[in-house]
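**Student:** What follows is a single structure, and I will ask about it in a moment.
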Amino acid sequence: MGQENTSQEKEKRSSILDSVSNWIKLVALIVLVMEAILLLAMTLTPASEPIFTLYPILMLLLALAVLAALFMDRFQHRKSDIEKIKATTELQRVQQTVKVDTMEISVDPEKSTTKELETGLNMFTDNMLQFSFKKPVGDGWHAPKFIKYADFVRSTYFTNLPDNQLEELITANSPYGKLFFNAKIVSVVFGEPKAIEMDENTSTESIEEYLVNMVEKFKKEGTEVSEEEIKDARVKLNQTENVSKIGFAVDFKIMAMDKNDIDTPFLDSSLPNLFLNFGSIIKEPIDSLKTDENSLLWTTKNKLKNVTLDGEPYASFSIYRLYRLLKNDDYIYFCSAQWSPQIEGAHFAWDSLKKSFESFKILK
């Protein structure tokens, strides 16, 4: 709130300086007109008249007034420019802005925390979990709903494992496993979920780039790499041997994680530690990243090669994801949104998805 008031004061000050500048220019114009009138009067007045000797003095004084006005104008403009530069720099320092492909996402960490959550018809507010956000609007969006972390895993990886086995698997693979497994998730989905099927030819741009570099490296060392070896490496890098199908939907999700579920003594709830852990799980190339002590914001861009989406083959399928980590005294929040321009009707959903992601707020 203080930051907003400061910005408004600077805008008012800049507006006043602009007004002063315009008045100075008007005064200078009037003075120049008066100079012209005095010069005309001087030429029409006989030199013997006593007033004749005063004309040059008056003209000199008016010329000095014009110079003073011009100097003041430059000084005020310079001061105004400095104020504008300071205001812009301050805004850039507060805002976190990232890009994914050509799209821009911007959040203000200070405005993301509030003493009172916003409510209304277009707001989703949970006072128990201490957060709120604007619900996506438009045809195709479903109402927000709560899901368990175990159900999220099952719908994403098409596994039938029961809760207890999933919990064992998740806690075995991450020191924050209990924190994740007990998370409360709110999900807002556009359209219907899809199934992305993968085979031995499935890859990504980053994997293919890595394979090309490795083949070149071995060639320089005098070792030839066979197509079969490349195919095996592709399968391992893409983990197709473990996961051959994943669920995908254009959606916005919030994981609210209770800090009390961090039960390992050497762990803490610092956002950088959580970011590193999520990075080791998600394994996506980061497209853009902005951080401060209270908020981490990043995006990823994935181009899957040779996949099948609901039975239809795609030589290339793009997925853009937005991620954000922030916390208050009680909870850690992991916000995520995913989108693909290749999903039917999804281009209409982007603006609404972006606004929902940017609107997320938590109680201080």
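The values are calculated or read from the model by the stated rules, or taken from the named source; none is laboratory data. For clarity, every value in this text was computed on a predicted model and none was experimentally measured. We place every Cβ from the backbone using ideal geometry, glycine too, and count neighbours over all the protein chains shown.
**Student:** Here are PHE146, PHE131, PHE190, PHE158: which of them is modelled with pLDDT under 95 and not β-branched (Val, Ile, Thr)?
**Tutor:** On inspection, the qualifying residue turns out to be PHE158.
**Student:** Checking the condition outside the structural domain of PHE266 (by TED's automatic domain parsing) and either hydroxyl-bearing (Ser, Thr, Tyr) or without any contact (Cβ under 8 Å) to a residue 40 or more places away in the chain (or both), which residue from TYR149, TYR157, TYR176, TYR210 passes?
**Tutor:** TYR210
**Student:** Additional query: In region 279-331, which residues are touching a helix residue (DSSP H, G or I) at 6+ places or on another chain (Cβ under 6 Å) and surrounded by 14 or more Cβ atoms within 10 Å (Cβ to Cβ)?
**Tutor:** The answer is LEU296, LYS303, LEU322, LEU325.
**Student:** Given the conditions (1) at positive phi; (2) in a helix (DSSP H, G or I), which single one is not true for PHE152?
**Tutor:** (1)
**Student:** Now for a separate question. Every residue in region 115-132 that is of a type outside the set (D, E, K, R), buried (at least 16 other Cβ atoms within 10 Å of the Cβ) and assigned to a strand (DSSP E or B), please.
**Tutor:** Hits for region 115-132 are PHE124, PHE131, SER132.
**Student:** Hey, among the residues in region 205-258 that are aromatic (Phe, Trp, Tyr) and part of a helix (DSSP H, G or I), which one's farthest from the chain's Cα centre (by Cα)?
**Tutor:** Filtering region 205-258 for residues that are aromatic (Phe, Trp, Tyr) and part of a helix (DSSP H, G or I), the one farthest from the chain's Cα centre (by Cα) comes out as PHE218.
**Student:** If you don't mind, another one. Go through region 99-113 and give me each residue that's among the small types (Gly, Ala, Ser) and assigned to a loop (DSSP other than H, G, I, E, B).
**Tutor:** Passing the criteria: only SER112.
**Student:** Considering region 178-204 alone, what residues qualify as being hydroxyl-bearing (Ser, Thr, Tyr) and assigned to a strand (DSSP E or B)?
**Tutor:** Within region 178-204, SER187, SER203, THR204 meet the criteria.
**Student:** Something else now. So, restricting to strands (runs of 3 or more DSSP E) that lie completely within region 264-364, which ones have at least 3 residues that are over 13 Å from the mean Cα position of the chain (by Cα) and touching a residue at least 24 places away in the same chain (Cβ under 8 Å)?
**Tutor:** In region 264-364, 295-309, 312-327, 331-339, 361-363 are the strands (runs of 3 or more DSSP E) which contain 3 or more residues that are over 13 Å from the mean Cα position of the chain (by Cα) and touching a residue at least 24 places away in the same chain (Cβ under 8 Å).
Listed here are the residues, each with its yes/no results for (1) without any contact (Cβ under 8 Å) to a residue 12 or more places away in the chain; (2) within 28 Å of LEU322 (Cβ to Cβ); (3) exposed (fewer than 15 other Cβ atoms within 10 Å of the Cβ); (4) not assigned by TED's automatic domain parsing to the domain that holds LYS301.
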position: LEU166; (1), (2), (3), (4): no, yes, no, no
position: THR171; (1), (2), (3), (4): yes, yes, no, no
position: SER203; (1), (2), (3), (4): no, yes, no, yes
position: LYS219; (1), (2), (3), (4): yes, no, yes, yes
position: THR223; (1), (2), (3), (4): yes, no, yes, yes
position: GLU227; (1), (2), (3), (4): yes, no, yes, yes
position: LYS253; (1), (2), (3), (4): no, yes, no, no
